[in-house]
Amino acid sequence: MSEDKTSLTYAAAGVDIDAGNALVEKIKPLVRSTRRPGADGEIGGFGGLFDLKAAGFSDPVLVAANDGVGTKLKVAIDADRHDTVGIDLVAMCVNDLVVQGAEPLFFLDYFATGKLDPEQGAQIVAGIAEGCRQAGCALIGGETAEMPGMYAHGDYDLAGFAVGAAERGQLLPSDDIVEGDVILGLASSGVHSNGFSLVRRIVAASGLSWAHIAPFDKSKTLGEALLAPTRIYVRPILSAIRSTHGIKALAHITGGGFPDNIPRVLPAAYAAELDLDAIDVPPVFSWLAKTGNVAPAEMMRTFNCGIGMVLVVAAGQAAQVAAVLTKGGETVTTLGRIVPRRDAGVIYNGEIGL
């Protein structure tokens, strides 16, 4: 006597190939919007192509970076806002490329979820495409992984991979940093994409929900305000590098803040002397510090506190560099100068205005 058995399918196991195909069709126009010289292909193949010669390089050195968005994704998921974390994903990668003097060329993403929602996925990729347009790089491919059992319902994760290039001999930091070089800072757009495990702990302790009006910005909900996307500094910085030749080093202020990130680009014999009173600290950081009873030193090692990018510039060209960056839409602050190193790689004068 035969025994009837239900025929199992991949969809019954939780993976919907048709949903994946639907997502690809939704995002094709977004990908096309990021085309640039060197990248003219369609997504959907087994790999992305990029032509360095068509991009205008003669003797390039490739520079690669990868990153994620961290637990800022939990804020996006809990607040049900998915259209900006893609910008964060691109920003965290391309800002790390430009600090080495490299022009971002192309980007690939990895999107993993327990149950694929094509509409949610399209919102995420729309943010990635917007980030790529801001950075001038092409979105040439990626991977969408539906993994039931690996992620809780509604959860997802993102990773990004960016490749850039610079002509040989033009990489940063340069080897001519000297005492008296000027340190400039570029304003951040908010918390960016670091420190969100602490942010979420502080919000939980405050008793507020993501839908409450932000105490530090009455025009937005708390979720909207904290999800402000990471600023992408690529175009203004590349313009300043190419038009002034005065930039000697750059530091992307991510996790670790000033004390961990600035010394990474300085010679061992030098330190950065900073005037903390010069920094216009956005209200979000004051709220986080007060609500979470976070000490100033901890704030400065966890968050950017209002400065998302630091530049070391030849003293005689500081004004010219600042003018180019300002024209490019950046808010520029003179933070300090390079001094001989005695102990710490960063020396503080004044107090951070929390």
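General observations
- Contact annotation: residue pairs with Cβ atoms under 6 Å, 6 or more positions apart or on different chains, pairing a residue in the range 181-207 that is in contact (Cβ under 8 Å) with a residue 24 or more places away in the chain and at positive phi with a partner that is of a type in the set (S, T, N, Q) and in a helix (DSSP H, G or I), are 195/302.
- Residues of the range 37-65 classified as surrounded by fewer than 12 Cβ atoms within 10 Å (Cβ to Cβ) and at pLDDT 90 or above, total: 3
- Answer from 235, 301 - the residue that is open to solvent by 50 Å² or more (accessible area, probe 1.4 Å) and under 17 Å from residue 93 (Cα atoms): 235
- Boolean, residue 200 is open to solvent by 50 Å² or more (accessible area, probe 1.4 Å) and over 23 Å from residue 70 (Cα atoms): no
- Test: residue in the range 259-279 that is open to solvent by 30 Å² or more (accessible area, probe 1.4 Å) and among the polar types (S, T, N, Q): no
- Tally of residues being in a strand (DSSP E or B) and touching a Leu at 6+ places or on another chain (Cβ under 9 Å) across the range 200-219: 2
- Test: residue in the range 22-36 that is open to solvent by 60 Å² or more (accessible area, probe 1.4 Å), assigned to a loop (DSSP other than H, G, I, E, B) and at pLDDT below 75: no
- Answer from 240, 249 - the residue that is touching a helix residue (DSSP H, G or I) at 6+ places or on another chain (Cβ under 6 Å), in contact (Cβ under 8 Å) with a residue 24 or more places away in the chain, more than 17 Å from residue 79 (Cα to Cα) and part of a strand (DSSP E or B): 249
- Reported count of residues in the range 159-199, each being assigned to a strand (DSSP E or B) and closer than 20 Å to residue 235 by Cβ, is 11.
- Count of residues meeting criterion [part of a strand (DSSP E or B) and of a type outside the set (S, T, N, Q)] in the range 43-101: 8
- Take the conditions (1) in contact (Cβ under 8 Å) with a residue 40 or more places away in the chain; (2) open to solvent by 30 Å² or more (accessible area, probe 1.4 Å); (3) of a type in the set (Ser, Thr, Tyr); residue 254 misses just one of them, which is (2).
The values are calculated or read from the model by the stated rules, or taken from the named source; none is laboratory data. As the structure is a prediction and not an experimental result, all values here were calculated from the model. Cβ coordinates were reconstructed from backbone atoms using ideal geometry, including for glycine residues, and neighbour counts include every protein chain displayed. SASA here: full protein model, heavy atoms, side chains in, ligands and nucleic acids out. Shrake-Rupley method; radii C 1.70, N 1.55, O 1.52, S 1.80 Å.
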